[in-house]
Amino acid sequence: MINIIFAATTVVGLALPVLPAKSASAKRHLYWTGALVATGSAFLALFPPDWRGGLALAGALAGGLTLRAYMSTPYLRIRGRTYAFNLRNSDPDEAEADADSRRPASDSDRDPAPDSYGGFAGAPKAWWLLVIVISACAFIVAIFVVKQEGPWYALGAVAAVTILAISIGHQDGSWDYRFARGQLVLYGIAGIATLGVFATLYYFAYLAGRRWPLRPQGSMEYRAHPHLQRKFPE
């Protein structure tokens, strides 16, 4: 049976980050205070008597909030270092800056991550995320092959792998980046996970991008990287 009081405090904890704060530091403290309240309350909402269920719920909530902090905020900060998927959130100076003072990357000659995808995520992080997605798709297809279950899920997974391989490969080739932006180990892992399908599609899409490049000046890739603007002027 769920304890209504602690269920309510779980919701309160999740809502704490919505409160206004004057600084990035205050927002970060508010986020983790809310996470602590929500996680503890989630455990107590089921304990007693179900301590296993409470522990599982609290663990899932803690993991989800930590993942969200890493993927979309600059709040995961340990010993003065910020861990974040987004490049802007990874930069302490940028993360602390007011949103109104931010300028487009094209306004500066500085390009701190020339191999990043659209100035959003560095190549290693982007390819790690890609490998996770590709592996999940491969797992879905494997379930269908072994158990003959979920044909539509398998079809969607195959379509996702195909679209990702072709679009990313053609983009990398079009903008004259290194093959797989230098992430050859991750490229190999993605290829192994899909029995060579991803690797093959990416390879030929990359060659096609080099031969028939598509370089829209309005794309994030172009606008985020000064070196591309100099190399491929309007």
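The values are calculated or read from the model by the stated rules, or taken from the named source; none is laboratory data. Here the structure is a predicted model, which means the values were calculated and not measured. As a convention, Cβ positions derive from the backbone with ideal geometry for all residues, glycine included, and neighbour counts pool all protein chains shown.
Hey, can you tell me all the residues within segment 47-106 that are among the aliphatic types (A, V, I, L, M), surrounded by 18 or more Cβ atoms within 10 Å (Cβ to Cβ), at pLDDT 90 or above and more than 27 Å from PHE6 (Cα to Cα)?
Listed by number, the list holds a single entry, ALA84.
Go through segment 107-163 and report how many residues are touching an Asp or Glu at 6+ places or on another chain (Cβ under 8 Å), within 16 Å of HIS227 (Cβ to Cβ) and either of a type in the set (A, V, I, L, M) or at pLDDT 95 or above (or both).
Result for segment 107-163: 1.
Among the residues of segment 31-49, which ones are under 24 Å from the mean Cα position of the chain (by Cα) and either over 28 Å from PRO20 (Cα atoms) or in contact (Cβ under 8 Å) with a residue 40 or more places away in the chain (or both)?
Those that are under 24 Å from the mean Cα position of the chain (by Cα) and either over 28 Å from PRO20 (Cα atoms) or in contact (Cβ under 8 Å) with a residue 40 or more places away in the chain (or both): TYR31, TRP32.
Okay, residues lined up against (1) within 20 Å of the chain's Cα centre (by Cα); (2) more than 21 Å from TRP128 (Cβ to Cβ); (3) in contact (Cβ under 8 Å) with a residue 60 or more places away in the chain:
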{"position": "LEU184", "(1), (2), (3)": "yes, no, no"}
{"position": "GLY196", "(1), (2), (3)": "no, no, no"}
{"position": "PHE204", "(1), (2), (3)": "no, yes, no"}
{"position": "ARG223", "(1), (2), (3)": "no, yes, yes"}
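Quick one: is ARG52 in contact (Cβ under 8 Å) with a residue 24 or more places away in the chain, assigned to a helix (DSSP H, G or I) and out of contact with any helix residue (DSSP H, G or I) (no Cβ under 6 Å at 6 or more places or on another chain)?
No; evaluated as a whole, the condition is false for this residue.
When you go through GLY182, GLY173, GLY196, GLY150 one by one, which is the residue that is surrounded by 14 or more Cβ atoms within 10 Å (Cβ to Cβ) and more than 30 Å from ARG223 (Cα to Cα)?
Answer to the selection: GLY150.
Just one of the numbered conditions (1) surrounded by fewer than 16 Cβ atoms within 10 Å (Cβ to Cβ); (2) under 20 Å from ALA8 (Cα atoms) is not true of TRP32; which one?
(1)
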